[in-house]
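Okay, so here's the structure we're looking at.
The values are calculated or read from the model by the stated rules, or taken from the named source; none is laboratory data. For clarity, every value in this text was computed on a predicted model and none was experimentally measured. Cβ placement follows ideal geometry from the backbone for every residue including glycine, while neighbour counts extend to all protein chains displayed.
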Amino acid sequence: MTAALMAALILLPMGVMAEETTQDVQVLPGNPLYGFKRVIERIQTWFTLGAEEKARLHLLLAERRLAELKELQEQNKTSFDDELITDYENQMLAMELQINLTNHNITQQLELAIVESTAKHQAVMQRVMEKAPERVQQRLQRVMERQAMNQEKFMQRLMQRVGENPGQNYSLQKGFGKMGVGKGAWKGLNCTEEGNCPLIEE
């Protein structure tokens, strides 16, 4: 690898990586280039500054592992299931560690991204479970239960933000409601169970 290419990969903007995360499933486990792909991910992690930005990156990488798992299942390849599930869990744990380093002082945009992404993760795991071997189904079920608890934790934080300052958080109410998660979570916030909230004048 040339020095110029390495530098370009190290300085890859977070925005570019975010756009590619859910689509980058062409290089899968078993491909000779997959190890290189994972090295680049580690380099990106090392050079990402700030606990919140690192948390965002780990969330994106967790989503990538699930996308790879789903793609391999569609190809009837199951030999990498355990490896991908383990790395998904590790990425989510790393995300939580970075959030802990901020004393949970993170932006509401990141909280919303976590809740929304976790809902998507649950949907992907449900689809994978439909065709997965029983052993993988049982493991994914445990993972889903743990992530559901984390999702609830961040949902509660978001609801607290809305309750404390509903006028300034109207856009958050709309974004939260559109995810279709947490049915009934809007009780007491003047929002319907579908997440439709009345416009509050700022």
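When Q122, Q126, Q91, Q108 are screened for being at pLDDT 95 or above and either within 17 Å of the chain's Cα centre (by Cα) or within 23 Å of K54 (Cα to Cα) (or both), only Q91 passes.
Please specify each residue of the stretch 23-78 satisfying the condition of being free of Cβ contacts under 8 Å to residues at least 12 places away in the same chain, of a type in the set (G, A, S) and either more than 28 Å from Q151 (Cα to Cα) or in contact with a His (Cβ under 7 Å, 6 or more places away or on another chain) (or both). Listed by number, the list holds a single entry, G35. Being at pLDDT below 90 and either more than 28 Å from Y88 (Cβ to Cβ) or part of a loop (DSSP other than H, G, I, E, B) (or both) is a property that G175 lacks. Restricting attention to the stretch 91-99, does a residue exist that is closer than 19 Å to Y34 by Cα and either of a type in the set (K, R) or assigned to a helix (DSSP H, G or I) (or both)? Looking through the stretch 91-99, at least one residue is closer than 19 Å to Y34 by Cα and either of a type in the set (K, R) or assigned to a helix (DSSP H, G or I) (or both). Residues that are under 30 Å from E134 (Cβ atoms) and modelled with pLDDT under 90 number at least 1 in the following helices (runs of 4 or more DSSP H) confined to the stretch 1-84: 14-21.
Got a number for residues in the stretch 147-172 being among the aliphatic types (A, V, I, L, M), surrounded by 18 or more Cβ atoms within 10 Å (Cβ to Cβ) and at pLDDT 60 or above?
Total satisfying the criteria: 4.
When N103 is tested against the conditions (1) without any contact (Cβ under 8 Å) to a residue 60 or more places away in the chain; (2) in a helix (DSSP H, G or I), the lone failure is (2). L101 meets each of the listed conditions (1) modelled with pLDDT under 95; (2) crowded, with 19+ Cβ neighbours inside 10 Å apart from (2).
Looking only at the stretch 106-133, which residues are hydrophobic (A, V, I, L, M, F, W, C) and not in a helix (DSSP H, G or I)? If the condition is that a residue be hydrophobic (A, V, I, L, M, F, W, C) and not in a helix (DSSP H, G or I), then I106, A132 are the ones that fit.
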